[in-house]
Each structure stands twice: as structure tokens, then as C-alpha cells.
Amino acid sequence: MSELTQLAPDFIRAIAPYKAGKPVSDVVRELGLDPAKVVKLASNENPLGLGGKAQAAIARAVADLGRYPDANGFALKAKIAAKHGIQPEQVTLGNGSNDILELAAKAFLTHGTNSVFSQYAFAVYPLATQGCGAQSKVVPAVAYTHDLDGFLAAIDEQTRVVFIANPNNPTGTFLKQDVLLSFLAKVPSRVLVVLDEAYNEFLKPEDQYDSTQWVAQFPNLLVSRSFSKAYGLAGLRVGYAVSGTQVADLLNRVRQPFNVNSIALAAAEAALDDHDFLQQTYEVNQAGLALLQSSFQAMGLEYVPSYGNFVLLKVGSTDDAGLKVFDALQRLGVIVRPVNNYGLPQWLRVSIGLPEENKAFLQALPQALKVLA
């Protein structure tokens, strides 16, 4: 280790970098596969890609790329505010919702403080916490989901942020709104609750709720949403937060100038109007989710019933089972996501794809499972 890197804080050197799902190009290069025959079901992306309105907006925005983007994102904030019936000053834009999580951590966490989140929760929560020199308090999961009573017990005088993903990644579990409202009523007002709803648009109508309306009752609530999943803008990195104006003001103090680029602003604004594309996305996901879960049940494989656009699947009983089946599937041209970094080494996370992609995965799975025999 060089003298320079030794001078970096211990908590920075101890961070294990986030590992994204493997891109098709890596698998093709490493295994010599035909890229046209490789299926990627690893990163919870929208298999339909970009909607038509977003594509048209991108084409129009290209002509002005010599200019900086609107640093305040006025038009997009106005449209988000109108969608939720709130004030534009309550909206914070991020370079993906991941950026929103980082901004919340930067604004509220420091040495001597802590955040609270669940076992099997999104990997960015500990990364964002550790990056601020704060401590993580991880509450054991119950049935692969958040134990909110455990959260309340874990909150202490040093707690500044609570992270809740709903639906949760990578488990796909979901907390109903009455459970969340009861929890919020019990959290000390000095603690920021970050409700991470990146997969909200995949919920069935009977499970839908608009938590952005809760901010008026709970000023310590921040709701995070993403355009990367259902809206199909993963490559553009744009998300947003809805909070009280005082919390939004703090986030903007630590936000990078021009953190959302011009193309992303234009595409996200158009995507909010593309209701037909969003409905098509929902229907494709519901059909694929039903197919995968019924197939797993027929094969006698354990899985966690999902409310998102992915399923957590148990493929074996040994601690190398997940990686072995992941590797075998790759060699068969199907990329999924191992989740050993979440403490789930016997499991894989499988994103919902197009019908033909789901079929390719289900055809490859029995052969891949043979590596465990």
C-alpha cells in the first residue's frame, strides 16, 4: 500500500465496491458466446427498453447537448410535482435513485452516527453509510423482509437515517401501507426515514399507495423513486426524492451541480406521460413473474414470492450452490445475478425478461442445476 492510499480514512479503504450485474459484452468476451443468443436477466432492467415518447424526447434533446443541463431540472420537477400533487420545492433530482440514497447519507450521517436497515436489503445502504464514516445497524430479516419492530428497537440516540426498500431488492418482499404508517408514527422525528420505492410501479393495483402524500404528516420521511426500472431509463441514470422542503434544501446543499444530464431530464419528463408504455411494462412483468414462479413451484424449487420485476430463487443447499449454477447458466448463455454478497450464497436473483427470454432461462435452468449433482 502506498503512502498516499494509507492516508485515506480507514472506513474508505474498508469499503467493498458495489458489484453490478455482468453485462452481455463481458460474458461474450469471456466465454466466446454468440451475443445474439445471450439473455441478460441480471440487473432488473425493463426488457422492453425505452418507450416511444422517451425516444422522441431524446432525439429532440440531442441538438442542445453543447449547453449545460438545467441545474434545477425545473420542467421535470414541475411534472413530478403535478403527478403527486406536491410543490416542486419538495422534489430533489438524482443521478439515478442511487444518487438520492447517497445524498440522504451525506446530508445526515457522519462519524459517531448510524443508519438502520434490514438484513438482505439493498447493498447501497451500507456503502452510503460507510462512505460517510458512520456505522450500520443491520436488523435481522423475518421471512426475508424488514422487521420493523426490530428497526424500532435498533434506533438509538445516534441513529440519523433508516433505510426501507419497498418492494425490497433482492428479496422482492413488500410491506403494506398500514404497516408502514404504523411504523412511521413510532419513529422519532429526529430520524430520517428513506422509503426506497424503485420498484413501486410493478405493484398490483390493490397494493398501490402514494407515500408521497405522507410527507405532509411525517416531515422526517423521504420517498425515493427511480426511472431506471419500469420507465426503462436505466442507462440514463435519473431518479428523484419527495420530501419536506427543509429536507430537500439539505439534499440540494450536498448535490452535485448538473447531477442529471440533459438527455435524462428530457427522457424522464416524456416518460411520465407514456402511460401506455408503463401499462405494457406492467403486463409483461406480471405475465413473466407468474410464469417463473409457477415453473419454480412445479420444479420443487424454493423461491420468495415477489412484488418486483425479479424473483429470488434458491438453487441448492451448499454455500457454493449459487455461484456454481450462476456459472453454469452463463455458459448456456443466460446471465442472472448471484447474491452471495447479500449473505444468500444458495440463491440467485432472476430478473423478469421478455417471454422468449424467460423461456430460454427456464429451458437452461434444469441443465445448469445438474452441476450440483
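Among the residues of segment 317-345, those identified as buried (at least 19 other Cβ atoms within 10 Å of the Cβ) and either small (Gly, Ala, Ser) or in contact with a Lys or Arg (Cβ under 6 Å, 6 or more places away or on another chain) (or both) are Ala321, Gly322, Ala328, Gly333, Ile335, Arg337, Val339.
Within segment 181-196, how many residues are outside any helix (DSSP H, G or I) and hydroxyl-bearing (Ser, Thr, Tyr)? Selection size over segment 181-196: 1. Determine whether Asp319 is in a loop (DSSP other than H, G, I, E, B) and among the charged types (D, E, K, R). Yes; evaluated as a whole, the condition is true for this residue.
Per the listing Ala143, Ala121, the residue uniquely among the hydrophobic types (A, V, I, L, M, F, W, C), without any contact (Cβ under 8 Å) to a residue 40 or more places away in the chain and farther than 27 Å from Ala267 by Cβ is Ala143. All of (1) surrounded by fewer than 21 Cβ atoms within 10 Å (Cβ to Cβ); (2) touching a residue at least 12 places away in the same chain (Cβ under 8 Å) hold for Lys359 with one exception: (2). Within segment 102-124, being in contact with a Phe, Trp or Tyr (Cβ under 7 Å, 6 or more places away or on another chain) and within 21 Å of Pro219 (Cα to Cα) holds for Ser115, Val116, Phe117. Only one of the numbered conditions (1) assigned to a helix (DSSP H, G or I); (2) out of contact with any strand residue (DSSP E or B) (no Cβ under 8 Å at 6 or more places or on another chain); (3) more than 25 Å from Leu127 (Cα to Cα) is violated by Asn341, and that is (3).
Inside segment 197-210, residues that are over 17 Å from the mean Cα position of the chain (by Cα) and assigned to a helix (DSSP H, G or I) make up a count of 3. Kindly evaluate Pro205 against the criterion of being farther than 27 Å from Val315 by Cα, in contact with a helix residue (DSSP H, G or I) (Cβ under 8 Å, 6 or more places away or on another chain) and not basic (Lys, Arg). No: the conditions fail for Pro205.
Criterion applied to Gly288, Gly308 was being within 16 Å of Gly353 (Cβ to Cβ), assigned to a loop (DSSP other than H, G, I, E, B) and not assigned by TED's automatic domain parsing to the domain that holds Lys83, and the one residue passing it is Gly308.
I'd like the full set of residues that are surrounded by 13 or more Cβ atoms within 10 Å (Cβ to Cβ) and either among the acidic types (Asp, Glu) or touching a His at 6+ places or on another chain (Cβ under 9 Å) (or both), limited to segment 197-214. Correct list: Glu197, Glu201, Asp207, Asp210, Thr212, Gln213. For the structure I just gave you, tell me whether Ala241 is more than 17 Å from Glu45 (Cβ to Cβ), surrounded by 15 or more Cβ atoms within 10 Å (Cβ to Cβ) and either modelled with pLDDT of 95 or more or not assigned by TED's automatic domain parsing to the domain that holds Leu365 (or both). Yes. Identify the residue in segment 273-302 that is without any contact (Cβ under 8 Å) to a residue 40 or more places away in the chain and in contact with a Ser or Thr (Cβ under 9 Å, 6 or more places away or on another chain) and, among all such residues, is surrounded by the most Cβ atoms within 10 Å (Cβ to Cβ). Filtering segment 273-302 for residues that are without any contact (Cβ under 8 Å) to a residue 40 or more places away in the chain and in contact with a Ser or Thr (Cβ under 9 Å, 6 or more places away or on another chain), the one surrounded by the most Cβ atoms within 10 Å (Cβ to Cβ) comes out as Gln293. Kindly evaluate Ser295 against the criterion of being assigned by TED's automatic domain parsing to the domain that holds Pro366, of a type outside the set (D, E, K, R) and assigned to a helix (DSSP H, G or I). Judged against the criteria, Ser295 is a match.
For (1) at pLDDT 95 or above; (2) surrounded by 11 or more Cβ atoms within 10 Å (Cβ to Cβ); (3) assigned by TED's automatic domain parsing to the domain that holds Val284, each residue gets a yes or a no:
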| site | (1), (2), (3) |
| --- | --- |
| Pro17 | no, no, yes |
| Gly21 | no, yes, yes |
| Val27 | no, yes, yes |
| Gly32 | no, no, yes |
| Pro35 | no, yes, yes |
| Val38 | no, yes, yes |
| Leu41 | yes, yes, yes |
| Asn44 | yes, yes, yes |
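The values are calculated or read from the model by the stated rules, or taken from the named source; none is laboratory data. As the structure is a prediction and not an experimental result, all values here were calculated from the model. With ideal geometry, Cβ positions are generated from the backbone for all residues, glycine too; neighbour counts draw on all protein chains shown.
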